[in-house]
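Just below is one structure, and these are the notes that go with it.
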């Protein structure tokens, strides 16, 4: 099987290429940057380049994008060119080439302001039924690209699956207050309760999406670690998250105390992956319980795949006040 991976020099792109090559797939790997996992250097905004890469391809994994960290360093038109026009180029050429399935990597950032409920109200229970309210050009273009995928399924019959992934980047948190108050591994372990996913699990969701696309047609899925929380916990999570974690994961305290770690005092949203588990047959391995087990064993929190890929960052330069500038 011949597959196209866009964004092959990026974190997810490399993870997909590595995994697909191990599965003996013929991989066409496209990125604007050279890398050991890029076979074609070029842009998805270049229609001729996209057409050349699409020849003979059965499945497209479209991971190339400008990310949220680029909002402060790139113009809105650049986001439209890459995230929307680039996706349109891929969709149109995929139809022309007779591609069987198109897997689009989106983001939970499309939910935007829906992720932050008003003060004094319970935490938000984020399922695919929540209406996105994008709050920046990144979210706007990703949401528009999702709808464009739906349009191509509806009108051209292209099998399209949209995967809204939560945080899987290894870089430090962009919030200075969080960086100063918590160790980086402490932050990431906490996030597995409600807003983080491991790259190994993200890759498995993409492969399952391609496998199940013929039976599904078009669908959007949240791809995030399985939360231990229930909808009944939402009010308490907003005012006393440690108490709720003790209720759902009674044994977490001892390991946290041993390390001098802290739980966040409040959690304002919870991503729910039930649809992806039920319809894709996705079984994410890395959740908060699994992370606790790795901590007790003295293992690295990150999966072997994440460790070999490492940290890529989002910009060619370093910034003194954080991993990337905030718009």
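We did not get these values from a lab; they are worked out from the coordinates using the rules stated. Please read all numbers here as calculations on a predicted model, not as lab measurements. Every residue, glycine among them, receives a Cβ derived from its backbone with ideal geometry; neighbour counts consider all protein chains shown.
Worth pointing out:
- This ranking places 238, 285 by how few other beta-carbon atoms lie within 10 Å of each, fewest first, which gives 285, 238.
- Helix 199-216 and the long axis of the chain differ in direction by around 50°, with both axes built from C-alpha atoms.
- Rounded to the nearest 10 degrees, the inclination of helix 288-297 to the longest alpha-carbon principal axis of the chain is 70 degrees.
- Hull-based mean projected area of the chain, where the convex hull spans the alpha carbons, in square nanometres: 16.1
- Put a dot 7 Å past the Cα of residue 278, heading toward its Cβ, do the same for residue 172, and the two dots end up 4.2 nm apart.
- Cβ-derived FRET efficiency at R0 41 Å, residue 80 paired with residue 266, nearest 0.05: 0.70
- Net lengthening on full extension, residue 155/residue 1 (0.36 nm per residue, minus Cα-Cα): 52.9 nm
- Using C-alpha pairs below 8 Å separated by at least 6 residues, the relative contact order for the range 2-309 is 17 percent.
- Cα-projected label distance for residue 257 with residue 35, points at 7 Å along beta-carbon direction, nm: 4.3
- Global geometry of the range 203-278, whether rounded, prolate or oblate, following the gyration tensor of its Cα atoms and the 1.5 cut on a/c: prolate
- Alpha carbon centroid spacing (whole Å) that separates the range 114-158 from the range 27-54: 28
- Length-normalised contact order of the range 101-244 in % [C-alpha pairs under 8 Å, at least 6 apart]: 32
- Label point 7 Å beyond Cα of residue 307 along Cβ direction - residues of the range 167-199 with amide nitrogen under 15 Å: 199
- Only Cα pairs under 8 Å and 6+ residues apart enter the sum, and on that basis the relative contact order of the range 1-110 stands at 28 percent.
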